[in-house]
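For reference, the structure discussed in these notes is given below.
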Amino acid sequence: MQSYESIFWGMAIVVLLALAGGALMGRSARVTHSLAGVAAQSLVVTAVVAYLAADAGAGGMTALLAIASSMFSLVIGTAAALLTRRVLRERRASVNGSDSQG
């Protein structure tokens, strides 16, 4: 039972880091830079999770945990980055629109 609780909290941390990293990467000037940053973050998360899972003695679950964390990080980070870009673009448009009207 204890190992499942550790896995749950570990994946919750991965999701939180993916959201924060995606929001940060979404501030990049170009979409390609944002997505490259998310991919780099995913590789780092994969390596850290693989190391920690192997160190904890996860055995056969090490690869599964590393792949799952990579996919979580990629999907959630990409969504957060693209959403951040959209929100920032809409804010800029509304600020520019109100400047021309006022």
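List of remarks:
- For the range 20-68, the percent of C-alpha pairs falling in each 10 Å distance bin, counted from 0 to the bin holding the largest distance, reads 28, 36, 24, 11, 0.
- Modelled FRET efficiency - R0 25 Å, Ile7 with Leu43, Cβ distances, 0.05 increments: 0.75
- Paramagnetic reach from Met61 (point 7 Å along Cα→Cβ, amide N under 12 Å) across the range 1-44: 1-11
- A simple spin-label model places the labels of Val75 and Leu16 2.1 nm from each other, with each point 7 Å out along Cα-to-Cβ.
- Diffusion coefficient (Stokes-Einstein, Kirkwood radius over C-alpha pairs, 20 °C, 1.002 mPa s) for the chain: 144 µm²/s, rounded to a whole number.
- Put a dot 7 Å past the Cα of Arg92, heading toward its Cβ, do the same for Ala23, and the two dots end up 2.0 nm apart.
- Hydrophobic long helices, here whole DSSP H runs in the chain with Kyte-Doolittle means of at least 1.0 and Cα atoms spread over 15 Å or more along the helix axis, are found at 2-25, 31-55.
- Structure remark: mean-square fluctuation, Gaussian network model of the chain, C-alpha springs under 10 Å; the largest value among Val44, Val75, Val14 belongs to Val44.
We did not get these values from a lab; they are worked out from the coordinates using the rules stated. No experiment lies behind these values; they were computed from the predicted model shown. Counting neighbours? That spans all protein chains shown, and the Cβs are built from the backbone with ideal geometry, glycine included.
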